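J.: Provided herewith is a single structure, encoded as structure tokens, for subsequent inquiry.
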Amino acid sequence: MTTVASVRETEMIDDRVAVRRRSVTPPLLYGALVLCALLTLLPFVWVISGSLRSLDEIRSDPGAWLPHDVTLGNFTRLFATEGFGGFMANSIVVAIIVVAGNVVAASAAGYALAKLDFTGKRLAFGAVMAALMVPFTAVFVTQFVITVDLGMADTLAGIALPSVAMPLSVFIMRQYAMSIPDELLEAARIDGAGEFRIFFRIFLPLGGPAVATITIMSFLSSWNNFIWPLIVAQSMSSYTLPVGLAATSQAASHVTDYGLQLAGAIVVMLPVLVLFLFLQRYFVQGIAGTGMR
Amino acid sequence: MTPTVVPGAARTARRFRGSRRTAVSWLFLAPFTLVFLLYTAIPTVAALGFSLTDLRGTDLRNPFAVEFTGLENYLRLFQDESFLRDILNTALFVAVGVPLTMGIGFALAVALNSGIRRLRRTFRIVFFAPVVTNIVAVALIWQYAFNADGTVNKVLGALGFAGPNWLDDPNLAMPVVILLGVWRNFGTAMVLFLAGLQAVPQDVYEAASLDGAGRWRQLRHITLPLLLPTTLMVSVLLTVFYLQVFDEPYLLTNGGPLGSTESVALYTYHQFGSGEFGMSSAASFVMLVLVMLVSIVQFRLLRPRA
């Protein structure tokens, strides 16, 4: 308020000036935004054009922006000889375990934290907050030791298990559950419904948007997860896509095989980008609502 | 609601219902709690324990060979020139990356919030796309674009400059690594700023423009002060991201050339890779303390909004 008042005292500009300025700004603004958008999209242009170029073509002119002869050879090589079909199957299996785990564990935990009164509630919420804060770097050595002790090194279960109940999912679910009116649940309680019945019959059906956000967020984090699968997976049979892509591109025979590497990059990023195009609301909500991913 | 005759029985019943409710509640919390104990609580405590020992990768099958060494790992850590260099590298990443990411995110948020209609959705999708894009894939694109005869140098060549070998030059590798981090994160900053901007009541701007305040003045005297909480939140958030930076340097340069892009997180990983679990845990504990401190500030800032 004081700012507005001081502006009034110091500056008096004709209304028409302000109106004219507003009509002048948009073309400039659009120009700047389009430029920024093109710069942001540059890597996508490079990856698409590079993945369609043959090995010979890339060797003879590595920096060309567009392919001379378009070929899908790099993509067929990925699946025929580099094992990308298997990596993709592993990524899908891990993602299914992670998403299912998060939907079940986070809905239940979020419901309890938001809607039930019990001994130790503050402690449980403190655990969620602590889990949000602890950096992965601080725990991965011990997580690996535990995974080895559980006999899950080099298995898909070992890759998925630490992420099946992410604190971020619990947090999202709790925030959402707080917005559901107590009266709804109380009415069912008076009718004699047990807590589990209330959870499954009343709370979960209302939890759609939060469940959707959790599904998207946990899928995203599972599909893109790199360091942990890199540590746990020791043989090709348990590589997920990002680990397989990194291994393929670092193999001595492929170091300058950019076409193959970029085709692999497209295979890894395409599923998430397509999902994002259709469901961007949930992606943005998940990240804007919490500031974390 | 039957009235109870004996008060003592009522109390017992209530206590019974209370403990039953507690049991049911913890049943709801059981999956999360199990995973939390196994993969967060125990590892955090154990990491502190490991950091006080000479645990090595080869000791996993022979735990009795491990010796308690007190603070020796920490002493070695702070005498290790590469660790000190990595702290500086990480600090540089934070000091350059955070303001750059926030500046771009803020400018785009203000531009998208300035009342434009056409293409607004498209712009938002484009600017947010890097956030969801797989880092391993993007790092490969970066290597392709920034190699000695890559697409970037092709453009520089056309403009008459001899392009350097970006990722093999100790002075140029870090800027390229930071650029990747900024590219990947400015969309997050933008979305958070947009959320903040949309909470600013429009009539404040209307009043200001009736009083003749131009766009620039409105930005300086209305938007910036009202967005202070969002700005603080975003800066702390990005600081936590960049303090832990691992993927970008690992994938682009693996910390090289000559360690010029090695971060603290990457140091931890390299120690782990060479079997020095004790040293790795000590380094990671230093990281934990740093991140915790910044995170506590973060939650203090977030609380009034939640």
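J.: Of A:S253, A:S237, A:S222, which residue is surrounded by 23 or more Cβ atoms within 10 Å (Cβ to Cβ) and not in a loop (DSSP other than H, G, I, E, B)?
T.: The unique qualifying residue is A:S222.
J.: Only one of (1) buried (at least 16 other Cβ atoms within 10 Å of the Cβ); (2) touching a Phe, Trp or Tyr at 6+ places or on another chain (Cβ under 6 Å) fails for A:N90. Which number is that?
T.: Result: A:N90 fails condition (2) only.
J.: Taking interchain pairs and intrachain pairs at least six residues apart, which have beta carbon atoms under 6 angstrom, with the first residue in the stretch B:140-159 and outside the structural domain of B:T253 (by TED's automatic domain parsing) and closer than 18 Å to B:N254 by Cβ and the second crowded, with 22+ Cβ neighbours inside 10 Å and among the aliphatic types (A, V, I, L, M)?
T.: none
J.: Out of the residues in the stretch B:111-133 that are within 23 Å of the chain's Cα centre (by Cα) and free of Cβ contacts under 8 Å to residues at least 12 places away in the same chain, which is surrounded by the fewest Cβ atoms within 10 Å (Cβ to Cβ)? Walk me through it before giving the result.
T.: First pass over the stretch B:111-133, keeping only residues within 23 Å of the chain's Cα centre (by Cα): B:124-133.
Right, trim to free of Cβ contacts under 8 Å to residues at least 12 places away in the same chain and you get B:125-126, B:132.
On the way: B:I125: 17, B:V126: 19, B:V132: 22.
Looking at residues that are within 23 Å of the chain's Cα centre (by Cα) and free of Cβ contacts under 8 Å to residues at least 12 places away in the same chain, I get B:I125.
J.: Right, another one. Give just the number: which of (1) surrounded by fewer than 20 Cβ atoms within 10 Å (Cβ to Cβ); (2) touching a helix residue (DSSP H, G or I) at 6+ places or on another chain (Cβ under 6 Å); (3) more than 30 Å from A:V148 (Cβ to Cβ); (4) not β-branched (V, I, T) does B:L108 not satisfy?
T.: For B:L108, the exception is condition (1).
J.: Within the group A:A109, A:A130, A:A89, which residue is farther than 30 Å from B:T151 by Cβ, assigned by TED's automatic domain parsing to the domain that holds A:S235 and touching a residue at least 60 places away in the same chain (Cβ under 8 Å)?
T.: Checking each option against the conditions leaves just A:A109.
J.: Go through the stretch A:1-112 and tell me which helices (runs of 4 or more DSSP H), entirely inside it, have 2 or more residues that are modelled with pLDDT of 85 or more and out of contact with any strand residue (DSSP E or B) (no Cβ under 6 Å at 6 or more places or on another chain).
T.: Result: A:15-51, A:73-81.
J.: So in the stretch B:271-293, with the set limited to residues that are touching a residue at least 12 places away in the same chain (Cβ under 8 Å) and β-branched (V, I, T), which one is farthest from the other protein chains (Cβ to nearest Cβ)?
T.: Top of the filtered list is B:V286.
J.: Whether any residue in the stretch A:196-203 is surrounded by fewer than 21 Cβ atoms within 10 Å (Cβ to Cβ), at the interface with another protein chain (Cβ under 9 Å from one of its Cβ atoms) and aromatic (F, W, Y) is what I want to check.
T.: yes
J.: In addition: Applying the selection to the stretch A:256-271, what residues are within 10 Å of another protein chain (Cβ to nearest Cβ) and either surrounded by fewer than 20 Cβ atoms within 10 Å (Cβ to Cβ) or under 14 Å from B:V126 (Cα atoms) (or both)?
T.: Of everything in the stretch A:256-271, those that are within 10 Å of another protein chain (Cβ to nearest Cβ) and either surrounded by fewer than 20 Cβ atoms within 10 Å (Cβ to Cβ) or under 14 Å from B:V126 (Cα atoms) (or both) turn out to be A:T256, A:L270, A:P271.
J.: Where in the stretch B:233-306 are there helices (runs of 4 or more DSSP H), lying wholly inside it, with at least 2 residues that are under 29 Å from A:S249 (Cα atoms) and polar (S, T, N, Q)? Break it down stepwise before answering.
T.: Working: elements: B:247-252, B:264-273, B:277-302.
So the answer is B:264-273, B:277-302.
J.: Follow-up question, since we're still on this one. Out of A:F136, A:F140, report the one residue that is within 27 Å of B:S263 (Cα to Cα), surrounded by fewer than 21 Cβ atoms within 10 Å (Cβ to Cβ) and out of contact with any strand residue (DSSP E or B) (no Cβ under 9 Å at 6 or more places or on another chain).
T.: None of the others qualify; the one that does is A:F136.
J.: Here is a follow-up. Being more than 23 Å from B:V191 (Cβ to Cβ) and of a type in the set (S, T, N, Q) is the filter; apply it to the stretch B:230-276 and report the residue that is surrounded by the fewest Cβ atoms within 10 Å (Cβ to Cβ).
T.: The residue in question is B:S274.
J.: Here's a follow-up. I'd like to check something: does the stretch B:69-89 contain any residue that is over 27 Å from the mean Cα position of the chain (by Cα) and within 12 Å of chain A (Cβ to nearest Cβ)?
T.: no
The values are calculated or read from the model by the stated rules, or taken from the named source; none is laboratory data. Not measured: the values here are computed from a predicted model. All Cβ positions, even for glycine, are placed from backbone atoms using ideal geometry, and neighbour counts span all protein chains on display.
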